[in-house]
Amino acid sequence: MLWNFILYLLYGLTFFTLGVAILSRDIRLSELGIAKILWLLAAFGIIHGFHEWLELLELLFPEIINSNFTLFRLVVVSLSFLFLFYFGLFLNIITLRGDQALKTTPPVVKALVGVLALSLVLFAAYHDLGTARGFSTRLLVAFPGGMLSGVGLVLYSRTVRTFSGTVAGNFILAGSCMICYAVLTGLIPSDVVFPFLGIKVIVLRGLSAFLIMTFTIRALSVFNLEQRELINEKLLRFSQSEKLTSMGILAAGIAHEINNPLTNISLNVEMLKDLVGNDAKIAKKVEAIERNIDRASRIAKELLHFSREKETDLLPTDLNRIVSSVKNLLTSQPRSKIIRLNLQDIPNIKGIPWKLEEVFINLLMNSLDACGEQDSIEIKTFCLNDKVIATITDTGLGIKEAHLGKIFDPFFTTKEIGKGTGLGLSVCYNIIRQHDGTLDLTSSEQSGTIVTLTFPVAIDDN
């Protein structure tokens, strides 16, 4: 009697602790898909812990058992397994389709899935009415719910492996224990005693629950690691922004100082051309001087452009129209046919159209330079959480890992001398910042590049 009392007490406490541990985590700012559905696992833990304490109450006071108490206990256990079923189902959707899958899934589909799962629970509960142990609910809801959750946790470990191999291991262990729990709870009746071992199945269920709690709580450290990465990223962006601002002030001064002697040189070269007449040898030298003056002048203009601050008001702008216009402008470029558009319906953003065109032209020219005839470039636009997002994905050469930290630095370029000034991405960064947006770039050598531009949706002032 005492042993059963301790067992059910700890069994319920284990699940209750799991639920409280999840709810006590501040994961509101997390971008991981599992963060949006963890409350389902927490609800399962708290409600199922309460159910185990109901069984403990029944064990201590057998006289309270009646049809109403049995019905109440059936409702509680059905509700707990319903939450577990939902968690496993949605976790597998996220694992298969990405962290943003639930946000992009139509509400009708979510509602249909919810209704079907609830119908299954009601069907199982109906068959369990009047019975003591609710075996149909365990078989039809607890077993598939536990299996879905376990498999989902194991597969989701691949998503969090980028943060930490140890955290990924905890997800795998938590999922494996959840699968064991699904089998012990859903397929084996509660009064079974394993032969040779002489251990009741309820003991193994309790042990599985304890391991699920332990490894899940350890796995939750992924949110701490994620927050640390987000903080480091914000600090890096702030540092980059400060560096570009300082460089912009310096660049403006340099550009003005360069322009004055260049203008003087150009005037003198024009006068020199009149003096030399038709001497071909001297004319060739003069042309070389003019080419270098043009190049120096172009660099000075890019320096001024790089240093230029916000010059005009931001107006409601259709980003899809900008992208389509830029694609048409680049039709004369080699390999421009590999560019394809995937434009969804998106709201307007506040922008300066000609500056945004410059950003997309610059980014697409970089992609074209990195791509061959067999490669592809996709421009995709969509809306997510009151943000308009544009991605440029190419399958070209990519960027070396050693260069990734320098790509936004002014004057850094991987192109040959004379083919780039290294100001393109710095200018793009500044322009996107003027639009209150963000520019992110991920790349790996020989695997292509993905550039993500994020803009706030234009708010109607009327």
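Odds and ends about this structure:
- Each peptide among 337-349, 353-365, 82-94 gets the average number of other Cβ atoms lying within 10 Å of its residues, and from highest to lowest they stand as 82-94, 353-365, 337-349.
- Other residues whose C-beta falls under 13 angstrom from the C-beta of E290 contribute a net charge of +3, scoring Lys and Arg +1 and Asp and Glu -1.
- Protection proxy ranking of 183-190, 267-274, 47-54, by the mean of other Cβ atoms within 10 Å over each peptide's residues and highest first, is 47-54, 183-190, 267-274.
- Unsatisfied cross-links (Cα-Cα over 31 Å) in the set K337/K387; K355/K400; K285/K400; K110/K380: K285/K400
- Dipole magnitude for segment 2-220: about 660 debye, using +1 per Lys or Arg Cβ and -1 per Asp or Glu Cβ, origin at the Cα centre.
- Taking every C-alpha pair closer than 8 Å and separated by at least 6 residues, the mean separation divided by the residue count of segment 344-411 gives a relative contact order of 32 percent.
- On the beta carbon distance between E290 and K400, with R0 = 41 Å, the FRET formula returns roughly 0.70.
- Electrostatic tally near F171: other residues with Cβ closer than 11 Å to its Cβ, Lys and Arg +1, Asp and Glu -1, net +3.
- Stretch gain in nm, segment N328-R28, where the contour uses 0.36 nm per residue and the Cα spacing is subtracted: 103.8 nm
Read-outs throughout are calculated quantities, based only on the coordinates presented, and are distinct from any laboratory measurement. All figures in this text were calculated on a predicted structure; none of them were measured in a lab. Glycine gets a Cβ as well: all are built from the backbone with ideal geometry, and neighbour counts include every protein chain shown.
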